[in-house]
Structure formats: structure tokens, C-alpha cells
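Notes to accompany the following structure.
The values are calculated or read from the model by the stated rules, or taken from the named source; none is laboratory data. Just so you know, these numbers come straight off a predicted model, no measurement behind them. For neighbour counting, all protein chains shown are included, and Cβ atoms are generated from backbone atoms with ideal geometry for every residue, glycine included.
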Ligand SMILES: Nc1nc2c(ncn2[C@@H]2O[C@H](COP(=O)(O)OP(=O)(O)O)[C@@H](O)[C@H]2O)c(=O)[nH]1
Ligand SMILES: [Mg+2]
């Protein structure tokens, strides 16, 4: 036994170290639920073998334990509210006390050496006790004896509880079908056993280990003075053999105190914790993978958003054409009117008028430019207002993107990946919102107007200063018209004027036309490129805001991959232990 113990002690130490490692991985990822589970597994490795009796109230848990021990140590048939969790263990002398709300009884019973027997009240009793059983005793059980009463079928709440024990905690479960004495005949009993086993198999998909017993007959047989001495591993003393055999208790005692011998108990304990650890590893891996998938999805969304952002910018630029084309057609009308004006002006009969430069200028102003420039001014104003709105829309789309990202995956709890992600996105979003507020309409509009001014000044060679564009255009063209038509003044007095006039007229029309065309091209291209520069600035701000998120994903991904590898290593070691058990 010593060698066996040494071997198992080594395994227990190894498991504890592995659990420690697993725990630190899980802690870094802040999955509180897992951490608690891992802790419970580790602690249980050091505890005595723990046999926990579970079942609904009055199914006969206490009676069975009493029957096993051959003595009514636990109160039977008491009310649910006065029942309490009782832990039975070996002690050199009999002793009872309360600790942490639980009742402890030590008895000098050899068979209890190395084990705890936990008697629980019905799990359908008080919520508080139910919690304690499910959170404290089931996790630390090495085997669960689930007691069902023969008088009724398995209930839905029993099924849920068994699922929790078997599936959440992977515990070994032995079903005790108690009170078989109430069944009349042997056939009826067989029918009941088959039915109960069949139901359990149907629900849980595995053949249940089911022992039919009657605590009542067992204790009666042991207590009856007329009994004969029975000496087996399970029981030493006197009992009425007929009652004892009908009670089915022999099989239970045999299993509990013989099959579950010292080595088997250790093996079962280690096997249980190994299996649970493996399932915890798998669960952790699943969570890690879930996070990695989330990151991939987030990164993809981010990429899509960047593409969409570029698309939106292009769209805004494309839409700006409705404004620039309007400006173009305004100026083309202006050009047509101007050419017509020159055509009519530079004629022999107008020679005298042509000498009056100021008159020509005034006439040009009123007939040709005034209306156009007023409208041009309005067009520019409309474009500026629209550009501001568009810039905000770009920002808003980014803010909406962040909002949607959070809504899609709200953070649970105060720590962990989801929380960090949400917090970061939230910070980035609010920074962007602040930047959105800072978009200065005056600056944006100013930029566009300035670029338009620059174009006018460049093409027409006027000093604009803070002059309105329209006024600048009017004054520039007025002097231009004076210049290009004024040449005629000098020759007007010449007799040959009528010969020269047609060419001068053509030249003047051409010069005017070219000037207007150049103005159109310059104006449109400088306003357009200014708009693009402004949009690029906003785009850059948005792209910059994505950088912390990208870095976060990169760091998280690295961390998660590392964790996955570490846990794979831990899993491998647990699997080795399991195979060698
Ligand atoms: N007929 C019959 N009654 C039993 C048997 N075992 C327990 N009882 C009765 O069922 C009631 C509840 O028993 P108890 O052990 O206190 O149930 P617990 O609440 O599960 O601990 C008591 O009145 C017992 O006398 C049994 O094998 N046969
Ligand atoms: Mg009880």
C-alpha cells in the first residue's frame, strides 16, 4: 500500500501544480467562474474521500446512512426546515459540533477511516441550503449517492440536479432506489427497478448504476434482537438474515466499504479531478477560441469600415460635382453673355462709346456680370454648407461604427476581454465625438472660400483680400473688359478703324472666353482639391482613432495564442495521467 500511496501522492502533487498553472492562465484572462472551479478541484485532491448523499427531502438519505452504520445516528423524518447538512467522519471518540453552519459528527467506526459521509437535507428545501449543497458539497464530492424514493417517479427538479452533478461536475453517481419495501410482490419490484433504470438511461443516455434498497428493512434487521450474527466486510453484528437480504443493503455496503477500498478511492478521486480538469481545459480553450473569433470578426469589421470610409470620401467628392458643375454652368452662361456683349460692343457705330471706359465697365457689370456673380456667391455658400455636413457625416459614420461594435458584443462583468474591448472602443468613440465637435465650420468653409479666392486671384490677377468672391470677379472682369475692349480706343480715331475692328472684336472675344474658361478650370480644381484635403484630414483623424483598437487586438491575439499553447501543454499532461491511472 505504501508504494501505491507514494505513486498517487506524486500524481496528486503533479495535478496540483498543473491546476495552479491552469489557474494562473485563467486568472490572466479573468474568467472568474473557471477560477473557482479549478480551485475546488485542487482543494478536493487533498480532502478525504467524500461520499455525498443527495436527493429530495424525505427520500430516505438519513435513514440509509443510519442503516449502513447500524445505528440511528442521524435524525429521520424531521421537517425540512430543521434538517441540516451533516458530515460524518471517523473519530476516536464520539463527538458532535457545529462549524460554519454545518453539523459534524465523529464516530469511532473503523469503516469511516479515510472518508467523509455527507448527509444533505432535500435539495428542494431552502434556497440557502440548496446553494450550499450545489456550490460547496457537490463540487467537492468524489462520489454522489443520489437517493430516489420508490413511491414516485423521478421529478424534473431531480433531473436538473442530476444533470448538474453529472454534466457540470462530471461526478460519479450511484442511484439508490430507496423504500423498495413498499412494493408488494417480487415482480412488481422488478418492474419498478427496470422502469427506474430505463427512465434514467433514457434521460442521461448511459446505463445507470442503480442499487435498490430499503433503509427501513435494513435497520430493522440490524436492530432486531432475534437476529443472527452476520460477519462480512460490510457489517459486523447481528441481523435478521431474511430482512437484511430483502433490504438490498448488502450490495450497497459491499460497494461502499469494499469496492471503494483505499486504493480505489484514491484512484477514483484522481480520476475524477483529472476528468474535471480536462473538461475545464477544454472549456477554457473554447472560451479562448471564442475570443479569438471575436477578434477576427472585429478586425474584419475594422477593415470593412476602412474600405467604407474611403468609399464614403470618394462619394462625397463625387457629390461635390453637383456644386462645381453648377458653378461651371453659371460661368459658361457668363462667358456666353460676355462674348455677346463684346460682339455687340466692338462695332464701328460704338466707337464713341468705346472711348468712355467707365461707361463700358458699368454696362458690362449690369448686363453681364452682376447677376452671375450673385448666383456664384450663393452656389459657393451652398457648397460650403454641404461640405461641413459631409465632414460631420464622415465622423458620424465612424462614431456609429463604434457604437454598433459595442452593441453587438456588450461587456459582461467588470473584467476580462469583453470588458477591456468595450471600454477601449468607448474611449476611442468619445475622443472622436470630441473631435467631431471641434470640426470648425468657419475653418472648413474658410478653406474652401480661400481656395476659390486663390483661383480667382491667380487667374484674374486681382488682389482680393477679404473681398467677397463675387465682388472680386465683378471688379476683375470689369477692368479686363476695359482692357480688352480699350485697345480699340486708340485706333477708334483712325480712319482705318473699321478695317481693324473685326479682328480686334474676334481677339477680344477669344481673350475673354479663354479667361473665363481658365477661371472655370482653376476654380473647380482648386475648390475640389481643397475639399479633398479637408476630407483627408478628417479621414486621418478617424483612421488614427482606430490605431489603439488595432494595437489592442494585436496584443490580445498574441496573448490568447500563448494561452492556448500553454493550456494545450497542460491538457496533454492531464491526458497522460488519465491514461496511466
Ligand atoms: N417505507 C420506508 N420508509 C422509509 C424508508 N427509508 C426512510 N423512510 C421514511 O421516510 C421518511 C424520510 O426519511 P429520512 O431518512 O428522514 O429522509 P431524508 O429527508 O432523505 O433524510 C421517514 O419517515 C423514514 O422513516 C424505507 O426504506 N422504507
Ligand atoms: Mg435527512
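Which of the residues spanning the range 169-207 are part of a loop (DSSP other than H, G, I, E, B) and within 45 Å of the chain's Cα centre (by Cα)? So that I can check it myself, show each step before the final result.
Just the residues of the range 169-207 that are part of a loop (DSSP other than H, G, I, E, B), to begin with: 169-171, 179, 183-185, 205-207.
If the condition is that a residue be part of a loop (DSSP other than H, G, I, E, B) and within 45 Å of the chain's Cα centre (by Cα), then 169, 170, 171, 205, 206, 207 are the ones that fit.
State yes or no: is residue 368 at pLDDT below 85, part of a helix (DSSP H, G or I), in the same structural domain as residue 453 (by TED's automatic domain parsing) and surrounded by 14 or more Cβ atoms within 10 Å (Cβ to Cβ)? It would help to see each step written out before you state the result.
On the way: at pLDDT below 85: no; part of a helix (DSSP H, G or I): yes; in the same structural domain as residue 453 (by TED's automatic domain parsing): yes; surrounded by 14 or more Cβ atoms within 10 Å (Cβ to Cβ): yes.
For residue 368, the condition - at pLDDT below 85, part of a helix (DSSP H, G or I), in the same structural domain as residue 453 (by TED's automatic domain parsing) and surrounded by 14 or more Cβ atoms within 10 Å (Cβ to Cβ) - is not met.
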Condition first: touching a strand residue (DSSP E or B) at 6+ places or on another chain (Cβ under 6 Å) and either more than 16 Å from ligand 1 (Cβ to nearest atom) or in a loop (DSSP other than H, G, I, E, B) (or both). Can you find one or more residues in the range 27-48 that meet it? yes
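Anything in the range 70-90 that is more than 47 Å from the chain's Cα centre (by Cα) and near ligand 2 (Cβ under 10 Å from one of its atoms)? List them, or say none. Outline the logic, then answer.
Initial filter on the range 70-90 (more than 47 Å from the chain's Cα centre (by Cα)): 70-78, 90.
Residues satisfying the conditions are 74, 75, 76, 77, 78.
Do we find a residue being modelled with pLDDT of 70 or more, under 30 Å from residue 391 (Cβ atoms) and in the same structural domain as residue 553 (by TED's automatic domain parsing) anywhere in the range 493-503?
Step one: of the range 493-503, the residues modelled with pLDDT of 70 or more are 499-503.
The next check asks that each one be under 30 Å from residue 391 (Cβ atoms); those that pass are none.
So far as the range 493-503 goes, no, none of its residues is modelled with pLDDT of 70 or more, under 30 Å from residue 391 (Cβ atoms) and in the same structural domain as residue 553 (by TED's automatic domain parsing).
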message = Can you find a residue that is farther than 18 Å from residue 252 by Cβ, modelled with pLDDT of 90 or more and within 15 Å of ligand 1 (Cβ to nearest atom) anywhere in the range 184-199?
response = yes
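Could you identify the single residue in 518, 537 that is surrounded by fewer than 19 Cβ atoms within 10 Å (Cβ to Cβ), assigned by TED's automatic domain parsing to the domain that holds residue 309 and at pLDDT below 90? So that I can check it myself, show each step before the final result.
Values: 518 fails: at pLDDT below 90.
Of the residues listed, the single one that is surrounded by fewer than 19 Cβ atoms within 10 Å (Cβ to Cβ), assigned by TED's automatic domain parsing to the domain that holds residue 309 and at pLDDT below 90 is 537.
Would you mind finding the one in 96, 109, 128, 151 that is touching a helix residue (DSSP H, G or I) at 6+ places or on another chain (Cβ under 8 Å) and within 24 Å of residue 58 (Cβ to Cβ)? Give the derivation first.
Details: 96 fails: touching a helix residue (DSSP H, G or I) at 6+ places or on another chain (Cβ under 8 Å); 109 fails: within 24 Å of residue 58 (Cβ to Cβ); 128 fails: touching a helix residue (DSSP H, G or I) at 6+ places or on another chain (Cβ under 8 Å).
None of the others qualify; the one that does is 151.
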Residue 22 meets each of (1) in a loop (DSSP other than H, G, I, E, B); (2) at pLDDT 90 or above with one exception, condition (1)
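Does residue 104 qualify as being modelled with pLDDT under 95 and crowded, with 16+ Cβ neighbours inside 10 Å? Spell out how you get there, then give the answer.
Values: modelled with pLDDT under 95: no; crowded, with 16+ Cβ neighbours inside 10 Å: yes.
Judged against the criteria, residue 104 is not a match.
Working only within the range 250-273, note down all residues that are closer than 30 Å to residue 186 by Cα, more than 16 Å from ligand 1 (Cβ to nearest atom) and crowded, with 18+ Cβ neighbours inside 10 Å.
Once the filter is applied, which keeps residues that are closer than 30 Å to residue 186 by Cα, more than 16 Å from ligand 1 (Cβ to nearest atom) and crowded, with 18+ Cβ neighbours inside 10 Å, the range 250-273 yields 256, 257, 260.
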>> Condition check: touching a residue at least 60 places away in the same chain (Cβ under 8 Å) and part of a strand (DSSP E or B). Does residue 148 satisfy that?
In response: yes
Is there a residue in the range 231-249 that is modelled with pLDDT of 75 or more, at positive phi, surrounded by 21 or more Cβ atoms within 10 Å (Cβ to Cβ) and in contact with a strand residue (DSSP E or B) (Cβ under 9 Å, 6 or more places away or on another chain)? yes
By residue number, the members of the range 73-84 that are modelled with pLDDT of 90 or more and either more than 8 Å from ligand 1 (Cβ to nearest atom) or closer than 13 Å to residue 216 by Cβ (or both) are 73, 76
- Item | Test for residue 110: is it free of Cβ contacts under 8 Å to residues at least 24 places away in the same chain, more than 12 Å from ligand 2 (Cβ to nearest atom) and within 23 Å of residue 218 (Cβ to Cβ) | yes
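Any residue at all in the range 137-144 that is outside any loop (DSSP other than H, G, I, E, B), touching a strand residue (DSSP E or B) at 6+ places or on another chain (Cβ under 6 Å) and at pLDDT 95 or above? Walk me through how you get there before you give the answer.
Within the range 137-144, the first condition is being outside any loop (DSSP other than H, G, I, E, B), and the residues that meet it are 137, 143-144.
Still in the list and also touching a strand residue (DSSP E or B) at 6+ places or on another chain (Cβ under 6 Å): 137, 143-144.
Okay, now just the ones that are also at pLDDT 95 or above, so 143-144.
Yes: one or more hits.
Residue 117 - would you say it is at pLDDT below 80 and either over 24 Å from residue 251 (Cα atoms) or surrounded by 21 or more Cβ atoms within 10 Å (Cβ to Cβ) (or both)?
Details: at pLDDT below 80: no; either over 24 Å from residue 251 (Cα atoms) or surrounded by 21 or more Cβ atoms within 10 Å (Cβ to Cβ) (or both): yes.
No, not satisfied.
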Can you spot a residue in the range 60-69 that is assigned to a loop (DSSP other than H, G, I, E, B) and within 16 Å of ligand 2 (Cβ to nearest atom)?
yes
Of 51, 133, the only residue that is within 48 Å of the chain's Cα centre (by Cα), in a strand (DSSP E or B) and either more than 12 Å from ligand 1 (Cβ to nearest atom) or touching a residue at least 40 places away in the same chain (Cβ under 8 Å) (or both) is 51
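So that you can scan it fast, the table gives a plain yes or no per residue for (1) at positive phi; (2) crowded, with 23+ Cβ neighbours inside 10 Å:
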{"position": "27", "(1), (2)": "no, no"}
{"position": "33", "(1), (2)": "no, no"}
{"position": "39", "(1), (2)": "no, no"}
{"position": "49", "(1), (2)": "no, no"}
{"position": "52", "(1), (2)": "no, yes"}
{"position": "57", "(1), (2)": "no, no"}
{"position": "63", "(1), (2)": "no, yes"}
{"position": "70", "(1), (2)": "yes, no"}
